[in-house]
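Have a look at the structure below, then the notes.
The values are calculated or read from the model by the stated rules, or taken from the named source; none is laboratory data. What you see is a predicted model, and the numbers here were worked out from it, not measured in a lab. A quick note on method: Cβ atoms are made from the backbone with ideal geometry, for glycine too, and the neighbour counts reach across all protein chains shown. Only protein heavy atoms, including side chains, enter the accessible area calculation; ligands, DNA and RNA are left aside. Shrake-Rupley method; radii C 1.70, N 1.55, O 1.52, S 1.80 Å.
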Amino acid sequence: MTVRAGREFLAIPGPTTMPDEVLRAMHRPALDIYSEQMVNLSDGLLRDLSKLFATKAKSYIYIANGHGAWEAVLSNVLSRGDKVLVLESGRFAVGWGNAARAMGAEVEVLKGDWRRAVRAGEVEARLRADKSHAIKAILVAQVDTASGVVNDVEAIGKAIKAAGHPALYMVDTVASLGCMPFEMDKWGIDVAMSGSQKGLMTPPGLGFVAANERAQGVHKTADLRTPYWDWTEREGVEHYRRYAGTAPVHLLFALRQAIDMLFEEGLDNVFRRHQLLAEAVRRAVAVWSEGQVLGFNITESTERSNTVTTVLMGNGFEPARLHRYCKEKCGVVLGVGIGDLQGQAFRIAHMGHINAPMILGTLGVIEVGLNALRIPHGKGGLEAAIAYLGESVSA
Ligand SMILES: *Cc1c(COP(=O)(O)O)cnc(C)c1O
């Protein structure tokens with residue numbers, strides 16, 4: 001017997017659930033890519049992406065996932081042999097660094113830990129020691145989707161400034177843009193990148209990059225540039241050049257709709273919604289943890305992301321069984337542990353098009369699974385989440 005039917009619910013950190021309005025926005029014929037309508041669509045989106053990144057700088061849209069946007073950034077500002085400093089706090093900044101190494105950069109990883117955020121003081125100390133300014137770029141993820149950490153990218157920006165180091169500061173916002181504050185200009189970030197399929201509620205397939213004037217200056221002499229990624233190639237008057245070829249028309253329709261929805265709700269409200277629903281998840285996980293089998297991966301409560309929660313499962317219990325139960329019996333797909341946490345954790349995504357029934361439903365299904373599989377856990381996790389929302393969402 002199962003209690004699943006109809007739409008399977010994805011509680012994975014990307015691709016995320018898409019609003020019906022976004023899906024419907026794509027159900028129409030393609031545009032003439034040389035039309036004024038097409039030009040207006042692009043202009044509006046590029047302007048609004050810069051608004052989302054909170055920058056006066058130019059944005060670029062690539063037909064690519066996050067990995068593609070990583071390469072877009074690297075190829076535009078690096079030259080062979082350049083040294084890159086990766087700030088480790090899980091898997092993703094390290095992955096970005098691996099791409100840089102494969103492209104010909106020299107990569108140093110500032111050793112971090114899967115259970116905590118990057119420490120700004122350690123970044124400052126490393127940069128102060130780099131007296132010859134060999135480091136050309138610093139890579140960090142605002143949220144590491146594997147560990148579930150949120151890094152204080154504002155504090156890291158201040159640390160770079162305090163060290164007086166000229167390296168470009170480059171931030172991955174794939175799992176955070178449109179879900180929590182991000183202030184590219186205010187926080188001293190030179191290049192930011194993101195993707196369509198997480199907080200931005202759009203199908204996978206679009207990568208976004210914003211680059212400020214400092215980055216554009218470095219770009220002029222970068223020797224890893226290739227035609228598809230190249231910012232300069234995308235600047236010509238001809239609209240066709242902006243995508244280095246045919247525009248991904250339907251994905252752009254979807255993105256237009258998704259951004260309209262975010263702006264209509266108001267970004268502050270969107271961020272607050274994420275914070276409330278994330279805290280509801282954390283209240284439940286905190287109660288479940290009393291059973292000595294489950295626990296937060298991120299030890300410091302203030303370093304837990306508002307977009308994804310990584311839950312460790314120990315004492316010989318297998319997260320794969322819970323994952324299978326939730327999916328096959330109840331139609332809820334949890335994220336699995338990845339990287340160092342493979343086989344040791346599950347992840348609950350709470351980013352993008354999420355609301356109270358989705359999150360309370362997901363938490364309820366997890367409890368059903370914990371009970372059915374006799375996995376020890378503190379009782380009353382869902383009740384704690386409900387109580388928190390009842391107190392925090394005023395009548
Ligand atoms: C998902 C993710 C990526 C990779 O994006 P893909 O679209 O899967 O290539 C990069 N960085 C972060 C922080 C992510 O969460």
So for region 108-125 (the condition being within 30 Å of Gly343 (Cβ to Cβ), open to solvent by less than 10 Å² (accessible area, probe 1.4 Å), within 16 Å of the ligand (Cβ to nearest atom) and in contact (Cβ under 8 Å) with a residue 60 or more places away in the chain), does at least one residue qualify? yes
Any hit, region 258-271, residues being under 19 Å from Leu74 (Cα atoms) and either of a type in the set (S, T, N, Q) or in contact with a Phe, Trp or Tyr (Cβ under 6 Å, 6 or more places away or on another chain) (or both): no
With the structure loaded, tell me whether Ala141 is within 17 Å of the chain's Cα centre (by Cα), in contact (Cβ under 8 Å) with a residue 60 or more places away in the chain and within 12 Å of the ligand (Cβ to nearest atom) or whether it fails that test. no
Taking Ile156 and the conditions (1) more than 16 Å from Glu303 (Cβ to Cβ); (2) within 16 Å of the ligand (Cβ to nearest atom), which numbered condition does it fall short on, given that it satisfies the others? (1)
Give me the residue from region 76-106 that is aliphatic (A, V, I, L, M) and open to solvent by 30 Å² or more (accessible area, probe 1.4 Å) and, out of that set, nearest to the ligand (Cβ to nearest atom). Val94
Taking interchain pairs and intrachain pairs at least six residues apart, which have beta carbon atoms under 7 angstrom, with the first residue in region 373-389 and within 19 Å of Met313 (Cβ to Cβ) and the second not in a helix (DSSP H, G or I)? Ile375/Val293; Ile375/Phe317; Pro376/Gln292; Pro376/Val293; His377/Val293; His377/Leu294
Report yes if Thr226 is open to solvent by 10 Å² or more (accessible area, probe 1.4 Å), part of a loop (DSSP other than H, G, I, E, B) and either among the β-branched types (Val, Ile, Thr) or within 15 Å of the ligand (Cβ to nearest atom) (or both), otherwise no. yes
Reported set for region 278-320 where residues are without any contact (Cβ under 8 Å) to a residue 12 or more places away in the chain and β-branched (Val, Ile, Thr) is Thr302
